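*Asks:* The following block contains the structure, expressed as structure tokens.
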Amino acid sequence: MSYKFEPVGVVQSCFKEKFGIPRQPGLIAEARASIKILPPYDRDEAFVGLDEFSHIWVLFIFHQCLRDTWKPTVRPPRLGGNKRVGVFASRSTHRPNSVGMSVVKLDNICRDHNGLVLSISGVDLMEGTPVIDIKPYLPYADNITGATGGYAPAAPECQQHVTFTEQAQQQ
């Protein structure tokens, strides 16, 4: 059995290449992007009610990591790249079907000269990423009390402080 997914949108991101992208969504709340919705999915009625949700799930293709073969184990950065775990016990980009998912903050939905656009933040998405679906985040169902995180029980500690020059802030 074969499946074919047609992108419903394309990400326009502050991350232009795959190096430097946060490893999970929400780690950098200020990281902004937009999803340009493609025809024929760019119909206003397809998004009625979505603006009532603070967050959305974005399902996408890891388009810069497509491969003809896959491996059953990967080395997650969270484990220092020194220990292998099963690919299905990771969020690795190197997957049998190259499908990813991110929960991001929905900042705005608007129609402008580019068409229908969703503004989002807290992203870990690269420029040009094909979006195959968008779903609302449901706090009562998506936030599981008592869930455990295996080898990643908590968010990594932020050890860097970033400051911007006055010129960079003006830009």
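*Asks:* Could you please give the count of residues in the range 50-61 that are open to solvent by less than 40 Å² (accessible area, probe 1.4 Å) and either touching a strand residue (DSSP E or B) at 6+ places or on another chain (Cβ under 6 Å) or without any contact (Cβ under 8 Å) to a residue 40 or more places away in the chain (or both)?
*Replies:* Selection size over the range 50-61: 4.
*Asks:* If you don't mind, another one. Only one of 106, 125 is farther than 13 Å from residue 11 by Cα and touching a Phe, Trp or Tyr at 6+ places or on another chain (Cβ under 7 Å). Can you tell me which?
*Replies:* On the way: 125 fails: farther than 13 Å from residue 11 by Cα.
Exactly one residue qualifies, and that residue is 106.
*Asks:* Could you look through the range 78-104, keep only residues that are among the aliphatic types (A, V, I, L, M) and open to solvent by 30 Å² or more (accessible area, probe 1.4 Å), and pick out the one that is nearest to residue 4 (Cα to Cα)?
*Replies:* Once the filter is applied, the top-ranked residue is 99.
*Asks:* Further, regarding this structure: Can you work out which of the residues in the range 14-45 that are of a type in the set (Gly, Ala, Ser) and either out of contact with any strand residue (DSSP E or B) (no Cβ under 6 Å at 6 or more places or on another chain) or at pLDDT below 85 (or both) is surrounded by the fewest Cβ atoms within 10 Å (Cβ to Cβ)?
*Replies:* 20
*Asks:* Out of the residues in the range 94-103 that are free of Cβ contacts under 8 Å to residues at least 40 places away in the same chain and out of contact with any Leu (no Cβ under 7 Å at 6 or more places or on another chain), state the one that is farthest from residue 11 (Cα to Cα).
*Replies:* 96
*Asks:* Then there is this: May I ask you to list pairs of residues, at least six apart or on different chains, whose Cβ atoms are under 6 Å apart, with the first in the range 106-126 being surrounded by fewer than 19 Cβ atoms within 10 Å (Cβ to Cβ) and the second being assigned to a loop (DSSP other than H, G, I, E, B)?
*Replies:* Pairs found: 115/42.
*Asks:* I would also like to ask the following. For the range 127-151, name all the residues that are surrounded by 12 or more Cβ atoms within 10 Å (Cβ to Cβ) and at pLDDT 85 or above.
*Replies:* Across the range 127-151, the qualifying residues are 128, 129, 130, 131, 132, 133, 134, 135, 136, 137, 142.
The values are calculated or read from the model by the stated rules, or taken from the named source; none is laboratory data. Note that this is a predicted model, so its numbers are computed, not measured. Every residue, glycine as well, gets a Cβ built from its backbone with ideal geometry; the counts of neighbours run over all protein chains shown. SASA here: full protein model, heavy atoms, side chains in, ligands and nucleic acids out. Shrake-Rupley method; radii C 1.70, N 1.55, O 1.52, S 1.80 Å.
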